Amino acid sequence: MSASEESKFSFFSRKKNVQVDESKLKIPTHLAVIMDGNGRWAKKRMLPRSAGHRAGADNLKNLCKNCGHYGIKYVTVYAFSTENWSRPESEVHALMELFVEYFDRYDPELEQEGIRVRFTGDIAGLPENIQEVCRRAEEGSKHRTRMTLIVAFNYGGRREIVQAAQKLAEKVKSGEISSDEITEEMFSSNLYLPDVPDPDLIIRPSGEERTSNFLVWEGAYSELWFSDVLWPDFGMEELTEALVAYTARDRRFGGLTEQK
Ligand code: FPP
């Protein structure tokens, strides 16, 4: 087997002895991931929960590399939800600190991989220093075109929908539009990132099987894939396994045959 053929098959074969021909995989344009299981990962190692989040943040860098390998164009990750404020203050603080460090620390690698960084969520509701991190990371990476990493931070799908409704209500109030002109397309164009295509596939590791207020509108027709592996351990084998499952899905979007 030549070196290039070997790399074609290497990931899956190590663990499950199943060969995957990458050229046969259907690659989602937009993959979304709920990075769950950091706390349990830390607990198993008798480490503080913050160590689990740090390991999870490190693994985000691996996910980006792996998604780049497959030519995925958009990757959205759930890093902090509107509900996560209810966690102990020390944990919220640790997550904010991690966020502040992250984009400067990994910028050279993100640059090397051609990864643009964007944010989704109620960014205006975050402390000013966090908003500044978002502005800097977006501004400093907007020339990169290979892949876009979208970090959902202070994100809640319901809040996103409410805020879109508020924007539309303002437009009705000012007479810019009338309420019967509102369509699904117009609604979508008032969400946080209207230019980003809907996610094709949402992955949740850690054994939980729900979407927890993530991409509620955008994920209406997303395929879902769940794994028992905890987020910090979710690597290339798991991603490949998800893509194998996604390849076998028949996406009908409510119709009878695959469209789009
Ligand atoms: C859920 O796991 C994970 C979170 C609430 C935070 C996810 C954040 C990161 C991976 C790192 C931050 C990201 C950046 C971009 C710096 P959990 O803690 O609920 O796990 P558990 O269910 O095992 O307790």
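How much net charge surrounds V172 when only the other residues with a Cβ under 12 Å from the Cβ of V172 are counted, with Lys and Arg +1 and Asp and Glu -1? Combined, the nearby Lys, Arg, Asp and Glu give -1.
Rounded to the nearest 20, the size of the Cβ-charge dipole of the chain about its Cα centre is 560 debye, with Lys and Arg at +1 and Asp and Glu at -1. Positive contributions from Lys and Arg (+1) and negative ones from Asp and Glu (-1), summed over other residues with Cβ under 10 Å from the Cβ of G140, come out at 0.
Per-residue extension of 0.36 nm, minus the Cα-Cα distance of I182 and K43, leaves a gain of 45.2 nm for this segment. According to the square roots a ≥ b ≥ c of the eigenvalues of the Cα gyration tensor, what is the shape class of the chain, taking rounded for a/c under 1.5, prolate for a/b larger than b/c otherwise, and oblate for the remainder? It is oblate, given that a/c is not under 1.5 and a/b is not larger than b/c.
Ignoring aspartates and glutamates fewer than eight residues from K171 along the same chain, the ones with Cα atoms less than 16 angstrom from its Cα are D180, E181, E184, E185.
Rounded, prolate or oblate: which one fits the range 36-154, using the alpha carbon gyration tensor with axes a ≥ b ≥ c (rounded when a/c is under 1.5, else prolate when a/b beats b/c, else oblate)? Oblate is the answer for the range 36-154, as a/c is 1.5 or above yet b/c matches or exceeds a/b. Each residue of the range 217-222 was assigned a 3J(HN,Hα) from its phi angle through the Karplus curve 6.51 cos²θ - 1.76 cosθ + 1.60 (θ = phi - 60°); the sequence is 6, 5, x, 4, 10, 6 Hz, with glycine and proline shown as x. For the residue pairs K26/K142; K73/K142; K142/K173; K44/K73, alpha carbon separations beyond 25 Å are given by K26/K142; K142/K173; K44/K73. Averaging the sequence gap over all C-alpha pairs within less than 8 Å and six or more residues apart, then dividing by the number of residues, gives the chain a relative contact order of 26 percent.
Of the chymotrypsin sites (Phe, Trp or Tyr not before Pro) found in the range 89-128, not one falls in a DSSP loop while having at most 12 other beta-carbon atoms within 10 Å. Amide H contacts of N154: F80, S81, each under 5 Å away and 5 or more positions distant or on a separate chain (H built 1.01 Å from N in the peptide plane; Pro and chain starts excluded).
Any read-out appearing in this document is the output of simple, stated calculations on the displayed coordinates, not a laboratory observation. Note that this is a predicted model, so its numbers are computed, not measured. Every residue, glycine among them, receives a Cβ derived from its backbone with ideal geometry; neighbour counts consider all protein chains shown.
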